[in-house]
Amino acid sequence: MIKRMLKYIGLGFPIALLVITLEAFAQEDTELVTELGMIVVTASREKEPKREVIANVTVIDEAEISHSSARDLGELLAEKGIGHIHKYPGTLTSVGIRGFRTETHGNDLEGYVLVLLDGRRAGTGNIAKIMTKNIERIEIIRGPASVQYGSAAMGGVINVITKQGEGKPEVFLEGMYGSFEHREGSIEFSGKNKRFDFSGSYTSQTMDDYDVGDGERYYNTGIDKNQNSSLNLGYEFLPENRIGLIYHYFDANHAGSPGYMSKNDLDDYSDKKIESIDLVYDGGTQDNLYSWKLRYFDGEDKNKWVDPEESNPDGRDDGNPSEQKTDQKGAQAQVSLHRKDSTFTAGFDWVDYEIETTWDPKESEHENPAYFLLAKTKLLDQRFIISGGFRYDEYEVEIKKGQGRKESGHHTSPRIGIAYLLSDFLKLRTNYGEAFKMPSPKQLAADFTSWSTHYVGNPALKPEKSKTFEGGIDISYSAFNVDLTYFHTDYRDKIQTTTTTAGDKTWENVGKATIAGFEGNLSYTGDLFGRIKVRPYLGFVDFTKFKDEEAGEDLQYISELHLTYGITVPDFKGFSTALRFAYVGEQTITDYESGWPYPEIKKAGFSVANLTVSKKVLEFQKRGTLSMKGEIRNLFDKDYAYVKGFPMPERSFSLGLRYEF
């Protein structure tokens, strides 16, 4: 693994880290415990220091997001090298963690990695629909999290946490212009006035078709208009008691859907939209003995794909668009008891998905109530931590309009882990967890005929399941943060299609796989030579095994190595810059671009770099500051693609102004 790393990053970065290391240890004033003291919420659904978390948690904070050129969550996670990225032109991206992926077209219950918005299911697996404006931080749990969040959290959980206003009210205006006629304008605001806090943003952007790395124009890759907004309002009516409203909106209008570049379709397009509102009550007693949370949320995810008739030379009539609409509503209730050395959290989750499509089955519903209990206790002077819990999920599905029936099922998920703090800056941890994915309404309850094929659901289907063991070490000393994790997952009862003796299509639990590997991160957050703040970092995911046990072959769409590295200078006399590299290794894939019989091939790895630079140019004392920002994406002009046949843009430039007052 070390040889592979050196091959892709060269000797310069390790040497730079060595210089910084020697400089840091030469300093007399050493402040212990930085990263381990960070407060996170995703791992236990309660605020807790990272030093007490058993799972492997990655946090992308607001400062890191601001120094990135990423416009949406998909671009940001690709830059961070979190895992496999499946990215297409036209606002469509899914993400993989530990060999599992999100579902891309709406119903997040169909995925294996769960995306959350402020702690509740986002209602989509398409992470290109989640923008990076008005975000306080993103917390990522690697590994199973079904105990906390239910179905689909096999590979991990990505929790996008909206900014909550504080301090003096501020307003930010920003405009960007760049390659391929990319135009972007946004406004952000945040602050707090007595007991009322607020934060929000609105962004509108558009872009023409782009060129790829070899200079060829990739037609129908632009977007007419992409609008998104976010709002978080709150009122603290008593100390530690806040009522809040959170609103998210995304609307991509006439986004190009070009098909494979080798078969470039010039007029297909898609419209994508997601909208949601949350009402939240966070409360607690003033002595912090009890805390609680109540939430109700309602949202809608819509996708429309248009294939105009005139674009089909074979004469088929596809003028009517394909559409999918998912209405999502849900509620959460939890209460926690905080003792000196123990915390207990009990709660209830409920979600209901109503899905309408223009294909069969036309209408379906998925209802899922769940009950959970989480506990944590600290022993041996609070250095030995035991954390665990269990969750019971019920699910009821229904296929409507005479195309199926009702079916139901249930599942129980356990988890337990321990951590030991050898010192204030060194933690050892180990964790065992189980996760599951519910069968879909179609798989359980279908009874319809489509294109001369009869589909029959299998009510005896079991949920797909995984069992994961992991162990790791976290070090946070002075300005250095290091973590290393080994994980091993057994995946069973994969649901696959089969044909009955009567010739009907149905589903059965037959597949299984083993996935194992190492994850690691190294970062430095101190001063270089006592003057310049620097943030070099290196992260990797190295799979040692990813085998389909039924077929006896490696799993597809998993790169043996993911690598991310770079350096950020957050502020030096008003100047800041960030240089980020991400390497994606070779993958075995199915080559759908070549046509039937769709051969299995090796897709080559690639590395891509992005550079951002900003500088304060004017300061108006009491009237704010004006900054200039420049971005270069694909700095070395690589010809690359996350999905074969769908290449990404060539080197592109953006320049903008930001006014803060």
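Output the number of residues of segment 575-600 satisfying the condition of being within 30 Å of Leu618 (Cα to Cα) and open to solvent by 20 Å² or more (accessible area, probe 1.4 Å). Residues in segment 575-600 being within 30 Å of Leu618 (Cα to Cα) and open to solvent by 20 Å² or more (accessible area, probe 1.4 Å): 3 in total. Please work out which residue is surrounded by the fewest Cβ atoms within 10 Å (Cβ to Cβ), limiting yourself to segment 517-538 and to residues that are closer than 30 Å to Phe100 by Cα and hydrophobic (A, V, I, L, M, F, W, C). That would be Phe518. Residues in segment 539-557 that are under 12 Å from Thr514 (Cα atoms), part of a strand (DSSP E or B) and open to solvent by less than 60 Å² (accessible area, probe 1.4 Å): 3 in all. Residue count for segment 397-417, restricted to those that are crowded, with 21+ Cβ neighbours inside 10 Å and within 14 Å of Pro459 (Cα to Cα): 4.
In segment 404-453, of all residues being among the aromatic types (Phe, Trp, Tyr) and either at pLDDT 95 or above or not in a loop (DSSP other than H, G, I, E, B) (or both), the one that is farthest from the chain's Cα centre (by Cα) corresponds to Phe448. For segment 122-140, the tally of residues that are closer than 21 Å to Ile187 by Cα and either in a helix (DSSP H, G or I) or aromatic (Phe, Trp, Tyr) (or both) stands at 2.
Looking at segment 558-574, can you tell me whether even one residue there is open to solvent by 40 Å² or more (accessible area, probe 1.4 Å) and among the hydroxyl-bearing types (Ser, Thr, Tyr)? Walk me through it before giving the result.
Step one: of segment 558-574, the residues open to solvent by 40 Å² or more (accessible area, probe 1.4 Å) are 560, 567, 571-573.
After this cut, where a residue has to be among the hydroxyl-bearing types (Ser, Thr, Tyr) as well, the list is none.
Checked segment 558-574: no residue is open to solvent by 40 Å² or more (accessible area, probe 1.4 Å) and among the hydroxyl-bearing types (Ser, Thr, Tyr).
For segment 459-480, a residue qualifies if it is among the β-branched types (Val, Ile, Thr) and open to solvent by less than 30 Å² (accessible area, probe 1.4 Å), and exactly one does: Thr468. Only residues that are at pLDDT below 95 and of a type in the set (A, V, I, L, M, F, W, C) were counted in segment 630-661, giving 1.
Residues in segment 321-336 that are open to solvent by less than 50 Å² (accessible area, probe 1.4 Å) and either free of Cβ contacts under 8 Å to residues at least 24 places away in the same chain or not polar (S, T, N, Q) (or both): Pro321, Asp327, Gly330, Ala331, Ala333. If you go through segment 481-507 and keep only what is touching a residue at least 40 places away in the same chain (Cβ under 8 Å), surrounded by 17 or more Cβ atoms within 10 Å (Cβ to Cβ) and of a type in the set (Asp, Glu), you end up with just Asp483. Candidates Lys442, Lys427: the one that is surrounded by 23 or more Cβ atoms within 10 Å (Cβ to Cβ) and basic (Lys, Arg) is Lys427. Scanning segment 108-121 for residues that are more than 15 Å from Val160 (Cα to Cα), outside any helix (DSSP H, G or I) and open to solvent by 10 Å² or more (accessible area, probe 1.4 Å) yields one hit, Tyr112.
If you go through segment 633-652 and pick out every residue that is open to solvent by 40 Å² or more (accessible area, probe 1.4 Å) and not in a loop (DSSP other than H, G, I, E, B), you end up with 1. Of all residues in segment 388-396, one or more are over 30 Å from Glu240 (Cα atoms) and either surrounded by 19 or more Cβ atoms within 10 Å (Cβ to Cβ) or at pLDDT below 95 (or both). Here is a check on your reading of the model: is Tyr8 among the aromatic types (Phe, Trp, Tyr), on the phi < 0 side of the Ramachandran plot, out of contact with any Asp or Glu (no Cβ under 8 Å at 6 or more places or on another chain) and at pLDDT 90 or above? Judged against the criteria, Tyr8 is not a match. Check off (1) part of a strand (DSSP E or B); (2) open to solvent by 20 Å² or more (accessible area, probe 1.4 Å); (3) closer than 24 Å to Val643 by Cβ; (4) among the small types (Gly, Ala, Ser) for Ala255 and give me the number that stays unchecked. Just one mismatch for Ala255, condition (2). From the list Ala419, Ala446, the lone residue that is in contact (Cβ under 8 Å) with a residue 60 or more places away in the chain, closer than 30 Å to Lys378 by Cα and among the aliphatic types (A, V, I, L, M) is Ala419.
When Tyr598 is evaluated against the numbered criteria (1) closer than 30 Å to Val171 by Cα; (2) over 22 Å from the mean Cα position of the chain (by Cα), which criterion, by number, is the only one it fails? Every condition holds for Tyr598 apart from (1).
Yes/no per residue for (1) of a type in the set (A, V, I, L, M, F, W, C); (2) open to solvent by 10 Å² or more (accessible area, probe 1.4 Å); (3) assigned to a helix (DSSP H, G or I); (4) touching a Ser or Thr at 6+ places or on another chain (Cβ under 6 Å):
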| residue | (1), (2), (3), (4) |
| --- | --- |
| Ser44 | no, yes, no, no |
| Ile54 | yes, no, no, yes |
| Val59 | yes, yes, no, no |
| Ala63 | yes, yes, yes, no |
| Ser68 | no, no, no, no |
| Glu75 | no, yes, yes, no |
| His86 | no, yes, no, yes |
| Thr93 | no, no, no, no |
| Thr104 | no, yes, no, yes |
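Restricting attention to segment 339-354 and to residues that are at pLDDT 95 or above and farther than 19 Å from Thr412 by Cβ, the residue that is most open to solvent (accessible area, probe 1.4 Å) turns out to be Glu354. When you check Lys467 against the structure, is it among the basic types (Lys, Arg) and over 24 Å from the mean Cα position of the chain (by Cα), yes or no? So Lys467 does not fit the description; no.
The values are calculated or read from the model by the stated rules, or taken from the named source; none is laboratory data. Please read these numbers as outputs of a predicted model, since none were measured by experiment. Here Cβ is always computed from backbone atoms with ideal geometry, including for glycine, and neighbour counts include all displayed protein chains. Heads up: the accessible areas ignore ligands, DNA and RNA and are worked out on the full protein's heavy atoms, side chains in. Shrake-Rupley method; radii C 1.70, N 1.55, O 1.52, S 1.80 Å.
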